[in-house]
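Peer 1: One structure is given below, represented as structure tokens, and several questions about it will come after.
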Amino acid sequence: MSETEMDQPNQAVNPLGVARLAFIGCGVMAEAIIAGLLRKQLVTSDQIVGSNPRVARREGLFAKYATRMFESNREAVLAAQPSNNSSNGSLVILAVKPQRLNKVLLELKGAIHPEQLVVSIVAGARSEAIAEALLHPAIVRAMPNTPAQIGQGMTAWTATSEVNETQEREAGALFEALGKAMRVENERQIDMATALSATGPTYIFLVMEALVDAGVHLGFSRHMAQDLVQQMMIGSVLFAGESQKHPAELRNMVTSPGGTSAEAIYQMEKGSLRTVLSKAVWAAYQRAEALGKKS
Ligand SMILES: NC(=O)c1ccc[n+]([C@@H]2O[C@H](COP(=O)([O-])OP(=O)(O)OC[C@H]3O[C@@H](n4cnc5c(N)ncnc54)[C@H](OP(=O)(O)O)[C@@H]3O)[C@@H](O)[C@H]2O)c1
């Protein structure tokens, strides 16, 4: 495809309402968003550009998604600037690791077009700090989680007051390409979501691992225990979602007097499972808050 063709994104397929997107740092999360956007046909690959320092990664992404890749972050941002004849917006998505962010912001200082929206998924980085470093006030800050990689993510996001309604809609649609999205009120709630839904998969994986080990302890082979536990967890979550009943009600439905559930629940309460989970979430929240203050 020629450079000129690249500059004229296909506007026919554009339910996202965005003409161009630039991904700065194309690792796991950026790829999850790119794959989700293309899978849902919200944009076409010629609307997406990305930057990454490693040539093998750039070539790999170009081969897989046909997205134009740059070594320079600044060039990627410039390549995604809104064109004069389009009312559709342009997004710059910051998806580098937190420790790389300051260097990247320095490179991008002054390069963001006034009408571009900056979306940061960088853990712990405050919108105010990003806005100051970029000299650009329109910032959306989001916190996705790892199931986003299969389109089953939960993303909490918030926006600075300079983000307009159209840009808010575009950001919401972007995150919905990853699964579900929730607009929260402020960055404190982003830290809260970091502790609950973004760190959450690690709690579930630990519980999953412990239950599989318990199955092996009982005498099941590991793969049998894994299948039993995995489907039980998927089914329980879907059942809870569909039934719309309180978890305690669902639990009571299967807890017969003197039965197996009653016996197991007694042991879990004795072992303070609820308190341990609550303390874990609280500790993760405090950590998220502390990381934000450092940035
Ligand atoms: N993974 C999650 O579940 C999750 C959830 C919520 C938020 N986040 C946030 O999302 C961000 C990205 O996470 P990730 O898991 O996608 O990390 P990742 O896979 O390491 O992706 C980061 C990418 O940035 C590239 N990079 C390194 N230095 C760069 C530079 N100077 N300029 C441009 N790109 C550069 C890396 O390239 P190389 O591979 O060549 O080093 C890598 O491809 C992080 O800030 C993280 O806090 C992640």
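Peer 1: So what is the relative contact order of the stretch 23-81, in percent, for Cα pairs below 8 Å that sit 6 or more residues apart?
Peer 2: 35 percent
Peer 1: Please state the relative contact order of the chain as a whole percent: Cα pairs under 8 Å, 6+ residues apart?
Peer 2: Averaging sequence separation for qualifying contacts and normalising by length gives 14 percent for the chain.
Peer 1: Another one. Picking from Leu174, Tyr65, Leu134, whose Cα lies most toward the positive end of the charge dipole for the stretch 58-179 (charges on Cβ: Lys, Arg +1; Asp, Glu -1)?
Peer 2: It is Tyr65, whose Cα lies furthest towards the positive end.
Peer 1: Among Ala19, Val92, Val207, whose Cα projects farthest towards the positive end of the dipole of the chain, with charges put on the beta-carbon of Lys, Arg (+1) and Asp, Glu (-1)?
Peer 2: Ranked along the dipole, the leading option is Val207.
Peer 1: Above 32 angstrom, tally the Cα pairs of the chain and express them as a % of all pairs, no decimals.
Peer 2: For the chain, the fraction of Cα-Cα distances above 32 Å is 35 percent.
Peer 1: Excluding residues fewer than 8 places away in the same chain, name every one of the lysines whose C-alpha is closer than 19 Å to that of Lys109.
Peer 2: Lys109 reaches Lys97.
Peer 1: How far apart, in nanometres, would the label points at Ala66 and Glu249 be if each is projected 7 angstrom from Cα along the Cα-to-Cβ direction?
Peer 2: Simple spin-label model gives 5.0 nm for this pair.
Peer 1: Kindly write out, for the stretch 145-157 in residue order, the coupling ³J(HN,Hα) from the Karplus curve 6.51 cos²θ - 1.76 cosθ + 1.60 (θ = phi - 60°), rounded to whole Hz, with x marking Gly and Pro.
Peer 2: Taking θ as phi minus 60°, the curve returns 9, 5, x, 4, 5, 10, x, 10, x, 10, 10, 9, 8 Hz for the stretch 145-157.
Peer 1: Anything in the chain that counts as a DSSP H helix reaching 20 Å or more along its axis (C-alpha) with Kyte-Doolittle mean of at least 0.0? List them, would you?
Peer 2: In the chain, the long hydrophobic H runs are 200-218, 222-243.
Peer 1: Based on Cβ point charges of +1 for Lys and Arg and -1 for Asp and Glu, what charge dipole magnitude is obtained for the stretch 43-147 about its Cα centre, in debye rounded to the nearest 20? Display every interim value, and only then the final one.
Peer 2: On the way: 12 positive and 8 negative charges, 81 e Å.
Roughly 380 debye for the stretch 43-147.
Peer 1: I want to verify a result. In a Gaussian network model of the chain, Cα cutoff 10 Å, which of these has the top mean-square fluctuation: Met69, Met224, Met192?
Peer 2: Result: Met224 has the largest fluctuation of those listed.
Peer 1: With charges only on Cβ, +1 for K and R and -1 for D and E, what is the dipole size of the chain about its Cα centre, in debye, rounded to 20?
Peer 2: Rounded to the nearest 20 debye, it is 660 debye.
Peer 1: Hey, another quick one. What number, rounded to the nearest 500 deg cm²/dmol, is the helix-based mean residue ellipticity at 222 nm of the chain, given -39500 (n - 2.57) per DSSP H run of at least four residues and division by all its residues?
Peer 2: -16000 deg cm²/dmol
Peer 1: Can you compute the modelled spin-label distance between Val216 and Ala133, with each label point 7 Å from Cα toward Cβ, in nm?
Peer 2: Result: 4.2 nm between the two label points.
Peer 1: A follow-up question, please. Enumerate the amide H contacts of Gly27 below 5 Å, restricted to partners 5 or more residues apart or on another chain; note that Pro and chain-start residues carry no placed amide H.
Peer 2: Amide H neighbours of Gly27, under 5 Å, 5+ apart: none.
Peer 1: If r is the Cβ-Cβ distance from Met232 to Ser161 and R0 is 35 Å, what FRET efficiency results, to the nearest 0.05?
Peer 2: 0.15
Peer 1: Once you list every other residue whose beta carbon is under 15 Å from the beta carbon of Arg222, what net charge do they have if Lys and Arg are +1 and Asp and Glu are -1? Could the numbers behind the result be given before it?
Peer 2: On the way: positive: none; negative: Glu209, Asp213, Asp227.
With Lys, Arg at +1 and Asp, Glu at -1, the neighbours total -3.
Peer 1: If you don't mind, another one. Taking +1 at the Cβ of each Lys and Arg and -1 at the Cβ of each Asp and Glu, which of Leu291, Ser278, Gly259 sits farthest along the dipole of the stretch 255-295 towards its positive end, judged by Cα position relative to the Cα centre?
Peer 2: Leu291
Throughout, read-outs are computed from the coordinates displayed, never taken from laboratory work. If you're wondering where the values come from, they're calculated on a predicted model, not measured in any experiment. Using ideal geometry, Cβ is built from the backbone for each residue, glycine included, and neighbour counts are taken over all protein chains shown.
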